[in-house]
């Protein structure tokens with residue numbers, strides 16, 4: 001896992017390999033001063049490419065407009081990549097739905113893991129798990 005620090009945000013990335021060899025990445029960004037300002041992204045590495053495709057994003061509360069639907073929300077929400085947004089040359093994951101499934105970035109990481117069916121390998125070790133290494137997730 002790579003960690004980068006700057007003055008305003010804590011960032012972490014975790015590479016995940018799927019059962020069939022596909023490459024995914026979980027990306028976390030958390031505002032140091034206001035922890036409710038966070039984003040947990042799930043990305044997919046397009047085969048034969050170096051381009052990462054955003055599949056889902058679990059965000060903290062802020063205003064978000066759904067451009068095609070002409071609706072908006074203001075709260076915790078989950079972005080999902082859709083074909084209809086891609087066809088219109090908008091951000092693939094531009095559509096979002098409000099959620100009450102999490103209220104912290106740690107809970108958002110757990111939602112992403114469940115929703116995307118990522119499972120940590122079971123290892124007989126006292127070292128902890130990969131996700132324990134992202135500050136404050138458990």
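Going by average Cβ neighbours within 10 Å, how do the peptides 56-65, 11-20 rank, with the highest at the top?
Working: 56-65: 18.1, 11-20: 13.4.
Final packing ranking: 56-65, 11-20.
Averaging the Cα positions of each part gives two centres, and for the stretch 15-50 and the stretch 94-109 these lie 15 Å apart. Please tell me the relative contact order of the stretch 2-133 in percent, rounded to the nearest whole number, where contacts are Cα pairs under 8 Å and at least six residues apart. Averaging sequence separation for qualifying contacts and normalising by length gives 15 percent for the stretch 2-133. Each of 39, 104, 49 was scored by other Cβ atoms within 10 Å of its Cβ. Listed from fewest to most, they are 49, 104, 39.
Counting neighbouring beta carbons within 10 Å and listing from fewest to most, the residues 78, 68, 26 come out as 68, 78, 26.
Read-outs: derived from the displayed coordinates by stated rules, not from any lab. Bear in mind that the values here come from a model prediction, so they are computed numbers and not experimental data. Backbone-built Cβ (ideal geometry, glycine too); neighbour counts: all protein chains shown.
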